[in-house]
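Since the structure comes first, as structure tokens, the remarks are kept for the end.
The values are calculated or read from the model by the stated rules, or taken from the named source; none is laboratory data. The model shown is predicted, which means the values in this text are computed figures rather than measured ones. So basically every Cβ, Gly included, is an ideal-geometry build from the backbone, and we count neighbours across all protein chains shown. The area values use the complete protein model at the heavy-atom level, side chains included, leaving out ligands, DNA and RNA. Shrake-Rupley method; radii C 1.70, N 1.55, O 1.52, S 1.80 Å.
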Amino acid sequence: MSRGPRFAVVRTPAASFRFRPRALVVAALCLAVALGTGVLLIGSGDFPMSPGDVVRTLAGQGSPADSLIVNEIRLPRVAAGLAVGAALGLAGAIFQSLVRNPLGSPDILGFSQGAATGVLAVIVLTGAGSAAVAAGAAGGGLLTGLAVYLVAGRHGAHGQRLILVGIGVAAILTGVNGYLITQAEITDAARAVLWLTGSLDGRDWSDAAPVIAALAVLGPLVVAGCGRALRMLEMGDDAAHGLGVPIERVRVLLLAAAVLLTALAAAAAGPVSFVALTAPQLARRLTRTAGPNLLPAACMGAALMAAADWAAQRGFPGHQLPVGVVTGLLGGGYLVWLLVTERKTGRM
């Protein structure tokens, strides 16, 4: 006789919280891998530093030169990468849970392309800085999400219809993005092409701040506030309604949160592909439990992004690749494997 996942309950005077110990362990391990890889990334480069020196400098005990290199030059890039990975992992888990399909990812549903359209419009038309780029990404992503939701219809905001509508919108926006690049000045076009590849080069705190702020606000709201409702929605609308879940309100809130996380992640690093697709699936396999696995997926996304950035910098001697190239190579192989697996199990 099979047994379901074990839950632990923590009770406080104000509320009680139920969690799966294995999911917390997986999330902690992924977070440790992400932070450890981040320390290695900070210590690598033309001025190498040992992990101990990096940690001491982060704690404020390094020399002025070490502090400049770590805190002003390398830490913003690593922080941006970790935040982007966590945002994409969390957004991917939300999308896959809502559409009840492992292919439910912002890469496939068109939301990354919508954020890219907003950013390209800002770069091409105004040439503005990080704040305007973040606003353009958020606006483009949210407008794309609204368009997909309206075309799919209230009763199509989950399942195959949403995926098919998203694929169509993504194809349209890909053409729009190509046109915007052709209309740009040569320097703006080069900047846009590098950004479209997905890159962390030259990132500073102004690039990292919007996605970090979004994670700080939306992360607890989604994980703690909507996690239970999302698990109920996975059982079907009728079951969720019977359990007292305000279906439409929760679904719209979660879609808006996931789209905003995707858009701000794209603003910080470009439309990095496949992290949102793979992180939730890998987290689910490690936790061995059904459900959205929101916190493990976010930590897994951060670990994948940090590992991809390390591979992009160190995996090809003499060459530094954009991080989006590495995630595309690995994620594309994973997508092929996933499609073959889904076909063998009769789900496609």
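Of note:
- Look at the stretch 123-140: where a residue is surrounded by 16 or more Cβ atoms within 10 Å (Cβ to Cβ) and a partner is charged (D, E, K, R) and at pLDDT 75 or above, sitting 6+ places away or on another chain with Cβ atoms under 7 Å, you get 123/188; 123/191; 124/188; 130/207.
- The single residue among 193, 169, 151 that is among the aliphatic types (A, V, I, L, M), without any contact (Cβ under 8 Å) to a residue 24 or more places away in the chain and in contact with a Gly (Cβ under 9 Å, 6 or more places away or on another chain) turns out to be 151.
- The helices (runs of 4 or more DSSP H) found entirely in the stretch 156-269 include none that carry 3 or more residues being surrounded by fewer than 20 Cβ atoms within 10 Å (Cβ to Cβ) and among the charged types (D, E, K, R).
- Scanning the stretch 98-111 for residues that are part of a helix (DSSP H, G or I) and either touching a Lys or Arg at 6+ places or on another chain (Cβ under 8 Å) or open to solvent by 10 Å² or more (accessible area, probe 1.4 Å) (or both) gives 98, 107, 108.
- Residues located in the stretch 308-336, provided they are surrounded by 15 or more Cβ atoms within 10 Å (Cβ to Cβ) and part of a loop (DSSP other than H, G, I, E, B): 321, 322
- Take the conditions (1) at pLDDT below 85; (2) touching a Leu at 6+ places or on another chain (Cβ under 9 Å); (3) buried (at least 17 other Cβ atoms within 10 Å of the Cβ); residue 39 misses just one of them, which is (1).
- Restricting the stretch 102-127 to residues that are farther than 20 Å from residue 338 by Cα and β-branched (Val, Ile, Thr), the residue that is modelled with the lowest pLDDT: 126
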